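Down below is the structure, laid out as structure tokens.
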Amino acid sequence: MCTCLEALELPHQMLSASELRSDFRRLFLDNSQPGTFQHVFASVEDQLAGNPCLLHPERASCDSCDDSQPSLMISGSPCDPFSQQSGKRFQPGAVSGHKLFSVTMESIIAMYIDKQPPIGLFEQVMGFVMPFDAFSTETPYQRRGITRYKYATYQ
């Protein structure tokens, strides 16, 4: 995240990050300069709830953006529900019934609605813009008003 912005010589301030897996959190924290992130949360849900972050456990809460609107939100969510690598990907209910489906379709969307960034970069596998199943034309991308943001695909 930071490396891309630094490589482009874009001034930036990392307000927060959320990561479910502690080993992934450790990886990005170990590869960042101290103080890079103002807040780091164990989940998007913790961040949305205003819970204390992992960097400030003594606080009653951590407002990840200190009431300011971020100018850019970079996000990604678990690809498991949408991945074509799953043999069940196009079976009815396989996507929406996946245990991680709500991270994208509820929590990430709620974060965009709450913070209202003018620009959002959301990384997800190609299956996110493909039909839910073999009997549907609706895609996860078309659900819940996500289409306010335009998408481009890169392979």
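The values are calculated or read from the model by the stated rules, or taken from the named source; none is laboratory data. Computed from a predicted model, the values in this text were never measured in an experiment. FYI the Cβ positions are ideal-geometry reconstructions off the backbone, even for glycines, and counts take in every protein chain you see.
Among the residues of the stretch 108-124, those identified as surrounded by fewer than 16 Cβ atoms within 10 Å (Cβ to Cβ), over 9 Å from Ser75 (Cβ atoms) and free of Cβ contacts under 8 Å to residues at least 60 places away in the same chain are Ile113, Gln116, Pro118, Ile119. Among the conditions (1) at pLDDT 90 or above; (2) polar (S, T, N, Q); (3) farther than 23 Å from Leu100 by Cβ, the only one that Asn31 does not satisfy is (1). Just name the residue that is farthest from Pro78 (Cα to Cα) out of those in the stretch 6-49 that are hydrophobic (A, V, I, L, M, F, W, C) and in contact (Cβ under 8 Å) with a residue 40 or more places away in the chain. The residue in question is Leu15.
One residue alone among Leu55, Leu27 is more than 18 Å from Tyr112 (Cα to Cα), not assigned by TED's automatic domain parsing to the domain that holds Pro131 and not in a loop (DSSP other than H, G, I, E, B), and that residue is Leu27. The set of residues in the stretch 85-109 being polar (S, T, N, Q) and within 27 Å of Ala42 (Cα to Cα) consists of Gln85, Ser86, Ser96, Ser102, Thr104, Ser107.
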